[in-house]
Amino acid sequence: MSAIARDDAASAAEAVAVHNARVTWEGCSVLLDINDGDRLVFCRLSPAATVKIGNNNYSLRPLIGCPFGSLFQVDSGADGPFLSRVDPSSQGKEVPDSIDESKDNRALVDNNKAQTLTGEDINAMRSQGATGDEIVEALIANSATFENKTSFSQEKYRLKKQKKYAPKILVRRPFTRSICEAYFKKYPHRIGFLRVDTLSLLLSMANVTANSNILVVDTLSGILTGAVAERLGGHGHVCSAYMGGTPYSLDIVRMFNFSSEICKRIVSCSISDLSTTDTANSENNGKHVAATESQPMTLQPSDMEDVTVSLEKETSYNLTETNGSFNLKPCKSSKAGEPASAEVVRMWKESGFSSLIIGAPDIDPWSIIKGLLPLLSHSAPFAIYHQYLQPLATCMHNIQQEKLAIGLQINEPWLREFQVLPARTHPHMQMSAFGGYILSGTKICGSAG
Amino acid sequence: MSAIARDDAASAAEAVAVHNARVTWEGCSVLLDINDGDRLVFCRLSPAATVKIGNNNYSLRPLIGCPFGSLFQVDSGADGPFLSRVDPSSQGKEVPDSIDESKDNRALVDNNKAQTLTGEDINAMRSQGATGDEIVEALIANSATFENKTSFSQEKYRLKKQKKYAPKILVRRPFTRSICEAYFKKYPHRIGFLRVDTLSLLLSMANVTANSNILVVDTLSGILTGAVAERLGGHGHVCSAYMGGTPYSLDIVRMFNFSSEICKRIVSCSISDLSTTDTANSENNGKHVAATESQPMTLQPSDMEDVTVSLEKETSYNLTETNGSFNLKPCKSSKAGEPASAEVVRMWKESGFSSLIIGAPDIDPWSIIKGLLPLLSHSAPFAIYHQYLQPLATCMHNIQQEKLAIGLQINEPWLREFQVLPARTHPHMQMSAFGGYILSGTKICGSAG
Amino acid sequence: MLPTDETKQLSFNRRIAEGDLVIVYERHDTMKAVKVIAGSVLQNRFGVYKHSEWIGKPFGSKALSNKGRFIYLLAPTPELWTLVLNHRTQILYIADISLVVMYLELVPGCVVLESGTGSGSLSTSLARAVAPSGHVYTFDFHEERAASAREDFEKTGLSNLVTVGVRDIQGEGFPDEFIGLADSVFLDLPQPWLAIPSAEKMLKQDGVLCSFSPCIEQVQRSCEVLRSSFTDIRTFEILLRSYDVREVNIKDSNEDGLVVSGSRKRRQFSQEDAEENSGHQVLARPSPEARGHTGYLTFARLKCL
Amino acid sequence: MLPTDETKQLSFNRRIAEGDLVIVYERHDTMKAVKVIAGSVLQNRFGVYKHSEWIGKPFGSKALSNKGRFIYLLAPTPELWTLVLNHRTQILYIADISLVVMYLELVPGCVVLESGTGSGSLSTSLARAVAPSGHVYTFDFHEERAASAREDFEKTGLSNLVTVGVRDIQGEGFPDEFIGLADSVFLDLPQPWLAIPSAEKMLKQDGVLCSFSPCIEQVQRSCEVLRSSFTDIRTFEILLRSYDVREVNIKDSNEDGLVVSGSRKRRQFSQEDAEENSGHQVLARPSPEARGHTGYLTFARLKCL
């Protein structure tokens, strides 16, 4: 298959260029991972944009045009410190290869006297243009206790100093994976505590794929809508359905680097408009909604979102609101979440939606789904996320009683991460003990259809 | 501490002789573990008692006086096959040390032609006095495919044949650990699906220890009552409280080797008798109950309980009921579960119970505990086992609202077993996914006390 | 299976037609994939079902046997396919599959390499994620297994998205023509560490590799090898717990027995009392038995040069 | 702490007395062990509490601070003690402890050996299980840790049940005077495999050994050593999931928005509608954060000779 395969692969790679871009560009959204997850900051790259680390503001200009996955550090220059890309070949191993069992920390007394370098000394080094790494090395050289520590403790010491004096900034691609993880770490309530593995299950269970029309009820700030849109890649539609007169916030959709083609396929529609059988009226309704709403949610402020995360529980998290960068073009996501056109609503009514995902933890699942199941095509799968078991149990029972769907299951994912290191392999000592429950099933063709 | 320590240890060891016996005796209860958990059989040792394995009945006489933990096999003798103790020094390693990665099973075709030894051949060997191990070796020698198997597959083949032709019988001590595990494997519904780790938590959370008076509501065939009695070791009381006129079954208590001293401390009492404030009446009530009940539950039939377990789901489980052996003396457990004496009931009313454990999955926990909390001493802990979360949540909420207890928690244990073998370490591929929920707390001293 | 072909898209108007693949649903644990052929019948313990009676019905309909017992005819999805496919090897299930697709950052247009193909359970979901313009190149050591997988992809209509190759990836690595073209690589091999250097060459920068292994020793060795050229190395395990929902009778305790203290009146506790005080509730509890382990998923991201 | 001393048994008539150890309960996650001394006070963020006011009250009572804020005075138990003791090392918690006591088959009268003593969290539960006639011999490498543990057992009234020795069990093994006398042995050591041959000598036949290790490599090495003289080797991990119970407002969806199809009348969805249709329910869900791992528990039974 070699020759054809190569051509196929190359052309496929080309087709996906924008959606799957691997290099940043001016105007693109990035997730800055500072010091290995200690802080997570979404920002939009522009020559004027900056990020604050410690007491300094750093221009994000050096990040434009770098590959996603690049690592940056703070360097000292003529005009003060700036972000400069770390030469990947110089990156050392992340962890020591083995534990030194012969040493232990019994003899160590951890007082401040162990370090002879003072704060003033460090400031002096800084003003003389020393790099962060040089400061860290100086701190180690001037530590009275470093030599006696186990290699494990030495590594811990180095890492602590490195985070403070030589911060590392990783440029992550804002994909569903990284966005969901960032919010789950920092603002889990904004996404209804939806864990990334649970989200991945919702997308599978609802059979999300290109050329589908996916109905979502997403009161989770748009994480569901964004995740579905990413999988559609501009083919098909995701319809964010809402109750009453106001669409739900799709704030998180702005964090993705969606092309305008993809954004156009993200639309909002009120459930009542979807439910009217009179298509002539619904056309008006669609317009009516568009007219009466003040603004689609996607045009709200908060351009840079600082999802600062620290492993210490005590640290206070503050949301940095920086202006200026986000309104710069190309702000492609601004069209996401516009009212569904009459044409597409008519199409949905004729054909039915391909599937349904509900992520609305404050609303009783049965009260939502009983009205939405008729909007799904026959044999369409659906998945409901909820934080409480009992409402899903009742919902499942009711669906069974009314014979609306089959293959009903309530599932709960259980995710565990491991530390895999020589002689020190074990599950992480802290875990997210709860990812929520999912009720899934397949709509059948009955009287309700 | 050497000299004193030795004396202490020796005398302590003596004191516990019966309760903690390490050698079987005539009349003692044992748990036979046949073929590494494939079948689990409780029986009482006597010269007349037998166990059926395959098509043969084997006398249990050889098991009398052997250490718990002894392994038996089938040997051929003049009077036919009999159980004989395996010489521990001849026991080989349980598993091969490494996998042979160079072979795989691709070339193997598993049809019956691979084995040249017929059923008739095997019967002939048997009648000539061949041991099971000899038959297994003959089967291997006559297998056309054995040599080409990986060492892992060879081991699997050997094990399969060994189970059939050379069964191994392990004599287990019937302790809470082994009894609970056996029931959980074979008849989980009889113990309300109470897993051994959940049971261990109940005992901790209710602070069960010698010299306590533990109130239990045990509709789990006596597993709770037995476990508490084992921990009390004849010091203090366990009171199996029941609603209405009939004590709950304590069948499982008979599986333990309790001395008469311990059995005397296992008593039954109706909740209404415990709740009457008039002690004079309650004295009569105690007698009344004893008179009107037909028999304490412990005198029911079913002397030998075959907890046959097979790893294959398809196998049908049949409960073997063998008569004759159990009624032989000394049947020490027969006194367990007699009505609580007026004296001890009066003592409980004066002092309160030390703690409470409820294992009654069919009954709403709040409806039970609201009446029982007043019977507990101030600051007494309690623990409620249930299979459903919602009734415990409601119960916890009500206890909180009425300020009856503090430190309320609902917990669920999550237990996982591992295969630890060279290059093949991983969690078991099948697990018990559910051990039940526990609501625990500490009664406070309020108006209700 | 996928809506790439517009005529196969789910719709209120879509009808089962000759040649369609349908999932015959008896119960949640008894399903079967059937190709609809006008003259054919399906026979199960409930009787005989004529395919000709299915044609023209909407997906999701009931079909009756000659004995009047019914089944449902569902449209295939990768999830249903995973439940009905022939197990030629140990397969991946929905929880692992979903996490893999998410962590490999697959979107329409991606190129993904997979080895081994096995029973094609994961391949089907990879294809769904990269459709319509991406491609899955999957390799298996076994000639016959690869051929069966190819047949399956033909049957499920995915052959334009999945190409199956026969190759010993542990021994030879992935073919050179994919160097630098793969967005993601998935390994399910007994000795994954042998294939990692090749996977590294195939990946685009910042591309993600995933290795699935049942034993921790395989993970330990793989991670050692990964550390030289990969970053963001993370090992996970995911299990799915399922809940049984039922109407349960949790009795209220007999109020007489509990509360009437000091009174001499006492009724015998009877079954009727219990029924009287009983409350039927719809409750859920975890299913007692579950898959306890499938494997460890190790993800790693190629360092950027 | 244990009711071995009859005057310390819980009872409706038992009153807090001078010298008693009480657990001061602020909240479920804020507790403290305090020895009652008539002239003494307890000070916390809620004010000052005079011990003298506690004396004569039943356990389980409220006590008021000078500012009118209250705490509860509880009788100590090993479970409460585990929550308040000084952490000199990583300690074992209730789930591991309970499984260890169950699997070691401890009953009153048993002799159990333990190393290391650590913070004495497990020792306390071991003592409870073997009381009144059994004994716990526990060993720690660190002189100071052993001394602190001894003080703690004095404070909790367990010193007649627990003897603390200073000894490097990994290096020297358990003392010879315990040969063949131990019903059970518990190891919590960095290199448990070094201590297993000695543990083997200490155990009675069919006696059970338990080794607790955080890392899987420690388990692998221990199991290798165990296989020669032990049987019934089983490795477990146990976690405890806790649930939060709260009164939640799960709204019914706006019926207007959902159901009225084809009708031109439509009210704006308002907060009031939601409240109107709302239902407050008492519901439980798992607490989001939990201990993800403590250690692996490997149990093994000495083969019978």
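The values are calculated or read from the model by the stated rules, or taken from the named source; none is laboratory data. Computed from a prediction, not measured in an experiment: that's the story for all the values here. All Cβ positions, even for glycine, are placed from backbone atoms using ideal geometry, and neighbour counts span all protein chains on display.
Worth a mention:
- In the range D:210-250, the qualifying residues are those that are in a strand (DSSP E or B) and among the polar types (S, T, N, Q), and the one that is nearest to B:Glu181 (Cα to Cα) is D:Thr235.
- One residue from B:Ala182, B:Ala227 being under 23 Å from B:Val23 (Cα atoms), within 9 Å of chain D (Cβ to nearest Cβ) and assigned to a helix (DSSP H, G or I): B:Ala227
- Any chance A:Val216 is on the phi < 0 side of the Ramachandran plot, assigned to a loop (DSSP other than H, G, I, E, B) and aliphatic (A, V, I, L, M): no
- Hey, D:Lys35 under 23 Å from B:Pro381 (Cα atoms), more than 14 Å from every other protein chain (Cβ to nearest Cβ) and touching a Leu at 6+ places or on another chain (Cβ under 8 Å) or not: yes
- Looking only at the range A:8-40, and only at residues there that are under 10 Å from A:Leu170 (Cα atoms) and assigned to a loop (DSSP other than H, G, I, E, B), the one that is modelled with the highest pLDDT: A:Asn35
- Inter-residue pairs, beta-carbon under 6 Å, first without any contact (Cβ under 8 Å) to a residue 12 or more places away in the chain and in the range D:8-27, second part of a loop (DSSP other than H, G, I, E, B) and hydroxyl-bearing (Ser, Thr, Tyr), 6+ apart: D:Ser11/B:Ser377
- A:Tyr187 falls short of the stated requirement of being buried (at least 24 other Cβ atoms within 10 Å of the Cβ) and either within 14 Å of chain C (Cβ to nearest Cβ) or more than 14 Å from C:Leu106 (Cα to Cα) (or both).
- If only residues of the range A:403-449 that are of a type in the set (Ser, Thr, Tyr) and over 21 Å from the mean Cα position of the chain (by Cα) are counted, the one that is farthest from A:Pro374 (Cα to Cα) is A:Thr425.
- If you go through the range B:121-136 and keep only what is without any contact (Cβ under 8 Å) to a residue 24 or more places away in the chain and crowded, with 16+ Cβ neighbours inside 10 Å, you end up with B:Met125, B:Glu134.
- Scan of the range A:131-152 for residues that are in a helix (DSSP H, G or I) and among the charged types (D, E, K, R), ordered by number: A:Asp133, A:Glu134, A:Glu137, A:Glu147
- A:Glu155 being crowded, with 21+ Cβ neighbours inside 10 Å, in contact (Cβ under 8 Å) with a residue 12 or more places away in the chain, among the acidic types (Asp, Glu) and assigned to a helix (DSSP H, G or I): no
- With respect to the conditions (1) assigned to a loop (DSSP other than H, G, I, E, B); (2) buried (at least 18 other Cβ atoms within 10 Å of the Cβ); (3) free of Cβ contacts under 8 Å to residues at least 60 places away in the same chain, D:Leu158 lacks only one, and its number is (3).
- C:Asp176 over 27 Å from A:Ser259 (Cβ atoms), within 14 Å of chain A (Cβ to nearest Cβ) and surrounded by fewer than 20 Cβ atoms within 10 Å (Cβ to Cβ): yes
- Any pair with Cβ under 8 angstrom, 6 or more apart, that starts in the range A:369-395 at a residue that is over 14 Å from A:Asn411 (Cβ atoms) and within 9 Å of chain C (Cβ to nearest Cβ) and ends at one that is of a type in the set (Gly, Ala, Ser) and assigned to a strand (DSSP E or B): A:Leu376/A:Ser355; A:His378/C:Ser61; A:Ala380/A:Ser355; A:Gln390/C:Ala284
- So A:Ser46, is it at pLDDT below 90 and not aliphatic (A, V, I, L, M): no
- You will find that of D:Ile169, D:Ile216, D:Ile238, the residue that is surrounded by 20 or more Cβ atoms within 10 Å (Cβ to Cβ), within 13 Å of chain B (Cβ to nearest Cβ), under 29 Å from D:Pro76 (Cβ atoms) and under 25 Å from the mean Cα position of the chain (by Cα) is D:Ile238 and no other.
- Restricting the range A:234-255 to residues that are facing another protein chain (nearest Cβ under 7 Å) and touching a helix residue (DSSP H, G or I) at 6+ places or on another chain (Cβ under 7 Å), the residue that is surrounded by the fewest Cβ atoms within 10 Å (Cβ to Cβ): A:Gly245
- Exclusive hit being acidic (Asp, Glu) and within 7 Å of chain A (Cβ to nearest Cβ), set C:Glu114, C:Glu79, C:Glu144: C:Glu79
- When residues in the range C:82-111 are screened for being charged (D, E, K, R), farther than 23 Å from A:Gly236 by Cα and either facing chain A (nearest Cβ under 8 Å) or surrounded by fewer than 24 Cβ atoms within 10 Å (Cβ to Cβ) (or both), 1 of them pass.
- Residue ID - surrounded by the fewest Cβ atoms within 10 Å (Cβ to Cβ), chosen from residues in the range D:180-209 that are in a strand (DSSP E or B) and more than 12 Å from chain B (Cβ to nearest Cβ): D:Leu187
- Here is the figure for the range D:50-73: residues that are surrounded by fewer than 24 Cβ atoms within 10 Å (Cβ to Cβ), of a type outside the set (D, E, K, R) and either at positive phi or not in a helix (DSSP H, G or I) (or both) total 11.
- Among residues that are closer than 28 Å to A:Asp273 by Cα and either modelled with pLDDT of 95 or more or part of a loop (DSSP other than H, G, I, E, B) (or both), A:Ser325 is not included.
- Scanning the range D:106-126 for residues that are assigned to a loop (DSSP other than H, G, I, E, B) and hydroxyl-bearing (Ser, Thr, Tyr), we see that the one that is farthest from D:Ile169 (Cα to Cα) is D:Ser119.
- In the range D:219-235, residue nearest to the chain's Cα centre (by Cα) [restricted to those that are within 8 Å of chain B (Cβ to nearest Cβ) and of a type in the set (Val, Ile, Thr)]: D:Thr235
- Only one entry of A:Gly352, A:Gly359, A:Gly435 meets the criterion of being touching a residue at least 12 places away in the same chain (Cβ under 8 Å), surrounded by 22 or more Cβ atoms within 10 Å (Cβ to Cβ), touching a Ser or Thr at 6+ places or on another chain (Cβ under 9 Å) and within 30 Å of B:Thr425 (Cβ to Cβ), and that entry is A:Gly435.
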